[in-house]
Each structure stands twice: as C-alpha cells, then as structure tokens.
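All remarks here apply to the structure that follows.
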Amino acid sequence: MTRFMLIAAASGLILAGCAAVSSTAPVATTPPSAGWVKPPAGYLGGDGGIVAATIIGPPPTPDSPRGKAERTQFNETRKLANTPTWSQAIADADLSGKAGMKSFSCAAGVTLSAEATPTLANLLLRITDDAAKIYQPAKAVFQRPRPPVGNTAPICVPREAWINTDGSYPSGHSLIGWAWGSVIAELVPENATPILARGKAFGDSRIICGVHFQSDVEAGRYLGSALVTRLHDDPAFMADLAKAKAEVAASKAKGAPEGCGA
C-alpha cells in the first residue's frame, strides 16, 4: 500500500462512526492559550544531542501526493467538530499535566496524579521541557505552515497568533504524548498496550483538532522515542523513574482510578 493510500485509509478510520455537524453550529474550542504552561526545567542540557531535523528530515511538500492527501484529510476531519472525538482533542491540547495524567490513569488502570504520584507528575512535566528543546529547533528549520493557515475552517483551539507563527512540523504534542506513554508503559508494563494506544491517540488528536498534519504527528512520535531512549542514560531521570515506580506501586495497591467509565 502506498503512503498516499495509507493516509487516506487513516483519514477514513478517524472519520468512521463520527457524524458531521451543521456548519452553523457553534464550534467548541479550548480556552485561550490552554495547555501552554511553563514546565519545570528538563533533565537534559540543550537538545541532549538529539538533532531533530536530521532524524526526521523535511516534511512533504504541499504539491506532493502526500502533501495533497494530508490537506484532504484536514478538510475531511473538520466534519468532526463538536463530536466526542473533538472533545477528546480539546482535552488532549492540555499540556499542564492534569488532563493528560487522567487519561493515562484510565489507560494504566492506576491513579496517576500530582497527589498520588508526585515524582512521576514532575518527571512528565520535565520531559515536556526537554521535548521543547528538541522540537522547537526543527520547527524553525522547516517552518511548515499549519493546516488552518490561510483558511477559516474550524479548529479545536482559538486562532491565536501562534497558529501563524509556530511551525507545524514536527508536532510537539505528539512527541510529548508518545514520550509520556512510553515512560508510563515502562512503569505499568502489564497495561502497556492501552497506555501506548493512549499515547498514540494524544498525537492523533492534533489532526482532529486541525492544527497538525499527519506527517507532523508521525515525526513527533519518532522524536518521542528518541527522547526517552536518551533519558535512560541520564542519572537524574533514572533516579526519578525508580521513585516513580514505587509511587505507582503504592497507588496501584489502593485500587483502580475513579471516573474512567466502564
């Protein structure tokens, strides 16, 4: 199957089971600047030796088969506005840790929070800072315009200035979601599959939201794996990971997390 066909298939899977909404219906979005909070300092100095632009290479050009397919995917996924999938994309836009920790708690079957697992919560936020040092230079190199630039199609975040100035490639949210999922799966290996699926969905939400193309999201996952691999050579990270493992074990002993549904 060609890459073009894969993208078309993925678009169909995302759209399956979701009803289109009226073009006159108000579109739900996150509050202004939601999710963009300053995290604590990361573990690595600078980019930690991870040169993102070299690892991921350039994005598809707009007139390439994949570039055209991704534009079609953006147009089609606008039909998801105000559906449950859209609501999840809004929740996944939050990088403060609270919403993300809740969704990963449900996937892991363990309560993960600043109260129950404080070392883990801080560790994940420090990863967020490390991630920015990796993806921001690559965004500056490629300067790929985001999908909503030049149109008025609905997106799940307000159209603030960063939409036009912050590059689309690679996706920082996708990098962070995959890195968080990878670390949490290491701590709760018996539930690695749903945890990693949640980490993948964290990136997919950026396509639903309309602020990233699929290749942006895929590149973010590559970098998320690279970051977690690099962190395993950092003594401070490994020390916190050991503490987090003990916290998770204690939280697990208290039972399943609340509010996760059936």
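The values are calculated or read from the model by the stated rules, or taken from the named source; none is laboratory data. Quick caveat, the model's predicted, so the values are computed rather than measured. Positions of Cβ are backbone-derived with ideal geometry, glycine not excepted, and every protein chain shown enters the neighbour counts.
Points to keep in mind about this one:
- Residue selected from the stretch 48-92 under the condition β-branched (Val, Ile, Thr) and under 29 Å from residue 227 (Cα atoms), by the criterion surrounded by the most Cβ atoms within 10 Å (Cβ to Cβ): 56
- Some residue of the stretch 163-173 being touching a residue at least 40 places away in the same chain (Cβ under 8 Å), of a type outside the set (A, V, I, L, M, F, W, C) and part of a helix (DSSP H, G or I): yes
- Candidate set: the stretch 186-216, residues that are hydrophobic (A, V, I, L, M, F, W, C) and without any contact (Cβ under 8 Å) to a residue 60 or more places away in the chain; chosen: the one nearest to residue 108 (Cα to Cα): 192
- Subset of the stretch 84-126 (residues that are charged (D, E, K, R) and under 19 Å from residue 186 (Cα atoms)): 102, 126
- Residues that are surrounded by fewer than 24 Cβ atoms within 10 Å (Cβ to Cβ) and within 10 Å of the chain's Cα centre (by Cα) within the stretch 219-244 comprise just one, 221.
- Per this entry, residue 244 is counted among residues that are small (Gly, Ala, Ser), over 24 Å from residue 51 (Cα atoms) and either assigned to a helix (DSSP H, G or I) or in contact with a Ser or Thr (Cβ under 6 Å, 6 or more places away or on another chain) (or both).
- Among the residues of the stretch 95-102, at least one is at positive phi and modelled with pLDDT under 70.
- Of the residues examined, residue 133 is one that is touching an Asp or Glu at 6+ places or on another chain (Cβ under 6 Å), surrounded by fewer than 21 Cβ atoms within 10 Å (Cβ to Cβ) and charged (D, E, K, R).
- Hits in the stretch 75-94 - residues which are touching a Phe, Trp or Tyr at 6+ places or on another chain (Cβ under 7 Å) and modelled with pLDDT of 95 or more: 80
- The set of residues from the stretch 99-125 being of a type outside the set (Phe, Trp, Tyr), closer than 29 Å to residue 28 by Cβ, touching a residue at least 12 places away in the same chain (Cβ under 8 Å) and part of a helix (DSSP H, G or I) comprises 100, 101, 102, 103, 105, 106, 107, 108, 121, 124, 125.
- Exactly one residue among 185, 201 is surrounded by fewer than 24 Cβ atoms within 10 Å (Cβ to Cβ), at pLDDT 95 or above and touching a Leu at 6+ places or on another chain (Cβ under 6 Å), and that residue is 185.
- Of the listed requirements (1) touching a Phe, Trp or Tyr at 6+ places or on another chain (Cβ under 7 Å); (2) modelled with pLDDT under 95; (3) among the aliphatic types (A, V, I, L, M), residue 157 misses just one: (1).
- Odd one out for residue 90, checked against (1) part of a helix (DSSP H, G or I); (2) touching a Ser or Thr at 6+ places or on another chain (Cβ under 6 Å); (3) farther than 17 Å from residue 156 by Cα: (3)
- Residues of the stretch 142-182 satisfying the condition of being under 30 Å from residue 246 (Cα atoms) and surrounded by fewer than 23 Cβ atoms within 10 Å (Cβ to Cβ): 182
- Residue match in the stretch 255-262 (condition: part of a helix (DSSP H, G or I) and either of a type in the set (Ser, Thr, Tyr) or under 21 Å from residue 108 (Cα atoms) (or both)): no
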